[in-house]
Amino acid sequence: MAKSSFYDLIIVGGGPGGLSAGIYAKRAALDAVLLEKGVPGGQVALTKGVENYPGILEISGFDLCEKFVEHAKSYGLEIVQQEVVAVDPGLDFHSVRLADGSILNAHAIILAAGGKARKLNIPGENDNFGKGVSYCATCDGFFFRDKTVLVVGGGDTALEDALYLAKITRHVYLAHRRDEFRGSRILQQRVKADPKIEILFNTVITEVKSDAQGVVGAGLKDTQSGEERDISVDGVFIFVGFSPNNQLVPAGVKTDANGYVTTDHKCETTIPGLFAVGDLRQKYANQIVIAAADGCVAALASAHYVELKKASAECRLPA
Ligand code: NAP
């Protein structure tokens, strides 16, 4: 339960963006609370190896998150495990409604709700989730030891997770809809050099096939020739990008065509005092270091906003 009902700053979401915002907010002497419905860390906690966070050669996503949390707590950031069900902007202050019915108010809010894995929406995908269909290699790879799996996608996640699965499984099919990967060059080189990975370019998956026990195969289609065929696989790992968790973004906040929140250079949305960071925010790339940097910018801008708000004669606090 939160210690107060009125804060300088409420941070919604406990991934790298939210936790970084918490660190900078506390260093700026803001009375801040971070609300997270699950365990702090967000998607990063599910990431195997992080090799591109400056200053750290290699670390598991889980361990990196623990460091973020430890760092934020060392400054006294209040972290409350509660689900936010609505964000209500106001003229004098903003509010969030929690799943337990309580309401917290603040001068400023930082939305750091991240994103989630996108689905293919093909036959057999939903029905076999947890029975061979997965969106997380770290979570489920273990169940496919010495088996054959199909990885779908051509971005960094698909390449990284295909490499991870190749270490555990017997064979990995990697199907990508184009003839060129989107993921980074270094991962492309590693994937192409891995003898256990069979790359299927210009290939889409049309169906996940299963029996009573779960996944047994997949239907594939060559996008050039139109030729269709089935392959036998024990698991299908789908990594076709993700969508921003924008359900809490209030009406009046500008978003792009894909639902990402549009902000200015301070990470401030079209509603003053309401900020968006990390994977929720429209930008060139989604990276841990970018989410952390966004958190920094939004917290510093919030501190300035809160200072002006407090100095303003129009500032009216709730009764
Ligand atoms: P992404 O970069 O958006 O890639 C999604 C991939 O899925 C693309 O190759 C896309 O194909 C394909 N795709 C999308 N919809 C599809 C559909 N309906 N059917 C078939 N294929 C489909 O997503 P991501 O790989 O999850 O990466 C997200 C962000 O996180 C990126 O900025 C990435 O760099 C970053 N990331 C970084 C690391 C790392 O640096 N260690 C690890 C993971 C993720 P097209 O290419 O044809 O569009």
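The values are calculated or read from the model by the stated rules, or taken from the named source; none is laboratory data. On a predicted model such as this, the values are computed, not experimentally measured, just so you know. Every residue, glycine as well, gets a Cβ built from its backbone with ideal geometry; the counts of neighbours run over all protein chains shown. Quick note on the areas: whole protein, heavy atoms, side chains included, nothing else; ligands and nucleic acids left out. Shrake-Rupley method; radii C 1.70, N 1.55, O 1.52, S 1.80 Å.
With respect to the conditions (1) part of a helix (DSSP H, G or I); (2) open to solvent by 30 Å² or more (accessible area, probe 1.4 Å); (3) not β-branched (Val, Ile, Thr), Cys296 lacks only one, and its number is (2). Looking only at residues in the stretch 220-234 that are open to solvent by less than 40 Å² (accessible area, probe 1.4 Å) and either away from the ligand (no atom under 13 Å from the Cβ) or within 30 Å of Gly42 (Cβ to Cβ) (or both), the one that is farthest from the chain's Cα centre (by Cα) is Gly226. Among the residues of the stretch 188-201, which ones are hydrophobic (A, V, I, L, M, F, W, C), away from the ligand (no atom under 12 Å from the Cβ) and either open to solvent by 70 Å² or more (accessible area, probe 1.4 Å) or part of a loop (DSSP other than H, G, I, E, B) (or both)? Ala193, the sole residue that qualifies.
Of all residues in the stretch 235-248, exactly one satisfies the criterion of being open to solvent by less than 30 Å² (accessible area, probe 1.4 Å) and in a loop (DSSP other than H, G, I, E, B), namely Phe239. Filter the stretch 147-187 down to the residues that are more than 7 Å from the ligand (Cβ to nearest atom) and in a loop (DSSP other than H, G, I, E, B), then identify the one that is most open to solvent (accessible area, probe 1.4 Å). Residue satisfying both the conditions and the ranking: Arg170. Look at (1) open to solvent by 20 Å² or more (accessible area, probe 1.4 Å); (2) over 19 Å from the mean Cα position of the chain (by Cα) and you find that Lys116 fails only one, number (2). For the stretch 59-101, the set of residues classified as of a type in the set (S, T, N, Q) and either within 22 Å of the chain's Cα centre (by Cα) or within 18 Å of Gly17 (Cα to Cα) (or both) consists of Ser60, Ser74, Gln81, Gln82, listed by residue number. Answer yes or no: is there a residue in the stretch 58-69 that is in contact (Cβ under 8 Å) with a residue 12 or more places away in the chain and open to solvent by 50 Å² or more (accessible area, probe 1.4 Å). Within the stretch 58-69, one or more residues are in contact (Cβ under 8 Å) with a residue 12 or more places away in the chain and open to solvent by 50 Å² or more (accessible area, probe 1.4 Å).
Give the residue, chosen from Ser134, Ser184, Ser210, that is hydroxyl-bearing (Ser, Thr, Tyr), under 30 Å from Lys37 (Cα atoms) and either outside the structural domain of Arg281 (by TED's automatic domain parsing) or touching a strand residue (DSSP E or B) at 6+ places or on another chain (Cβ under 6 Å) (or both). The conditions single out Ser134. The condition of being within 12 Å of the ligand (Cβ to nearest atom) and open to solvent by 30 Å² or more (accessible area, probe 1.4 Å) holds for only one of Val216, Val204, that being Val204.
Before we move on, is Gly90 in contact (Cβ under 8 Å) with a residue 40 or more places away in the chain, part of a loop (DSSP other than H, G, I, E, B) and more than 30 Å from Val240 (Cβ to Cβ)?
Details: in contact (Cβ under 8 Å) with a residue 40 or more places away in the chain: no; part of a loop (DSSP other than H, G, I, E, B): yes; more than 30 Å from Val240 (Cβ to Cβ): yes.
Here the answer is no, as Gly90 does not meet what is asked.
Scanning the stretch 1-52 for residues that are part of a helix (DSSP H, G or I), small (Gly, Ala, Ser) and under 26 Å from Ser184 (Cβ atoms) yields Gly17, Gly18, Ser20, Gly42, Ala45. If we keep just the residues of the stretch 93-113 that are surrounded by fewer than 19 Cβ atoms within 10 Å (Cβ to Cβ) and part of a loop (DSSP other than H, G, I, E, B), which is nearest to the ligand (Cβ to nearest atom)? Step by step, filter the stretch 93-113, then rank; the result is Ala99.
Of all residues in the stretch 249-293, those satisfying the criterion of being exposed (fewer than 14 other Cβ atoms within 10 Å of the Cβ) and of a type in the set (Asp, Glu) are Asp256, Asp264.
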